[in-house]
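What follows is a single structure, written as structure tokens, with notes after it.
The values are calculated or read from the model by the stated rules, or taken from the named source; none is laboratory data. Since the model is a prediction, treat every value here as computed from it, not as a measurement. Don't worry about glycine lacking a Cβ; one is built from the backbone with ideal geometry, like all the others, and counts go over all protein chains shown.
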Amino acid sequence: MTGFGFRLGGELALERDRERRWIAAVVGALAFLATLALGLALALAGTAGRWQASFQGTLTVELPAGADNAAVLRALRAEPAILRVEPIDRRRSEALLAPWLGAGNLADLPIPGLIDVKLRDGAYLDVRSLEAKLAALVPGAVVDDHARWLGGFLALARAALIVASIVVVAVGLAAASCVAFATRAGLAMHREAVDLLHLVGAEDGYIAGQFAGAAMRLAFAGAATGALGGAAVLALAHSIASSSATLAFPLPALGALDWVALAAIPLAATAVAAVAAYATVMRNLGRIL
């Protein structure tokens, strides 16, 4: 009866302790919170990455309402760094604004003229110089390289990942503390049985493995339930948001690798619980025996 082992059964029958069953509930609640926090952060980060990729190498030229864009189009097509120039007609502009202003409120609005510009791969273009050139042709012309608002969204996604990481670490520490507290209580409750195991030759590692195995099973049951609940909430929230007709931007969504990361939460919680229980028993056996 030596060594480090997490047994499915055991002489101590630790799962029967009513006081230890709350480990599953607490770990489940913590896994639920960790899944929500990490899932939202990963969804934001993934969406930010997709937006950055889709807008990379693109510009939008905005002209005052009613302005003639012919001279601007010729100037844009003459730029060596520009691959494609596509004017956006009023119908498409109204379609972009309809989710925000309503389809019936656009007929009399002075909608600015828009031109979509695609740069050549690897080409450099001085945006401010181009804007000055176009403004000389059409006063009020503006060139938007999307850097301002996209940079803000990327910063938000990075902040969300940092906060989610802090939450996950805090959840792990809370789960470890919960398991350690329950393990100390169980060790005191089963002190006579532990003494008997020592008398028949059981080593500390074997006894610690008994507690670690029980904590591991309880933690996995709770963490799996909590993580599934968190994943269901994320999927439901995305489904509800997707059904809204007022959204004019891509919704944050989880990719395949993101779901794999979320699926690792119950495994990580189980490992934390097992290590916390094992370390707690090994640290306390010498004090009580």
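Below is a table of values for the structure above.
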| quantity | calculated |
| --- | --- |
| Candidate set: the stretch 145-184, residues that are surrounded by fewer than 17 Cβ atoms within 10 Å (Cβ to Cβ) and charged (D, E, K, R); chosen: the one farthest from the chain's Cα centre (by Cα) | 148 |
| Flag for residue 94 being surrounded by fewer than 20 Cβ atoms within 10 Å (Cβ to Cβ), at pLDDT 90 or above and of a type in the set (D, E, K, R) | no |
| Residue in the stretch 34-44 that is in contact (Cβ under 8 Å) with a residue 40 or more places away in the chain, small (Gly, Ala, Ser) and outside any helix (DSSP H, G or I) present | no |
| Any pair with Cβ under 6 angstrom, 6 or more apart, that starts in the stretch 198-225 at a residue that is under 15 Å from residue 182 (Cα atoms) and ends at one that is charged (D, E, K, R) and part of a helix (DSSP H, G or I) | 214/15 |
| Boolean, residue 188 is out of contact with any helix residue (DSSP H, G or I) (no Cβ under 6 Å at 6 or more places or on another chain), surrounded by fewer than 13 Cβ atoms within 10 Å (Cβ to Cβ), of a type in the set (Gly, Ala, Ser) and not assigned by TED's automatic domain parsing to the domain that holds residue 39 | no |
| All positions within the stretch 55-90 that are surrounded by 14 or more Cβ atoms within 10 Å (Cβ to Cβ), touching a residue at least 40 places away in the same chain (Cβ under 8 Å) and of a type outside the set (A, V, I, L, M, F, W, C) | 57, 58, 60, 62, 69, 79 |
| First in the stretch 120-134 and in contact (Cβ under 8 Å) with a residue 40 or more places away in the chain, second anywhere and part of a helix (DSSP H, G or I) and not charged (D, E, K, R), Cβ under 9 Å, 6 or more apart | 127/147; 130/75; 130/76; 133/75; 134/71; 134/72; 134/75; 134/76 |
| Condition check for residue 49: crowded, with 21+ Cβ neighbours inside 10 Å and either modelled with pLDDT under 90 or assigned to a helix (DSSP H, G or I) (or both) | no |
| Verdict on residue 84 being of a type in the set (D, E, K, R) and modelled with pLDDT of 90 or more | yes |
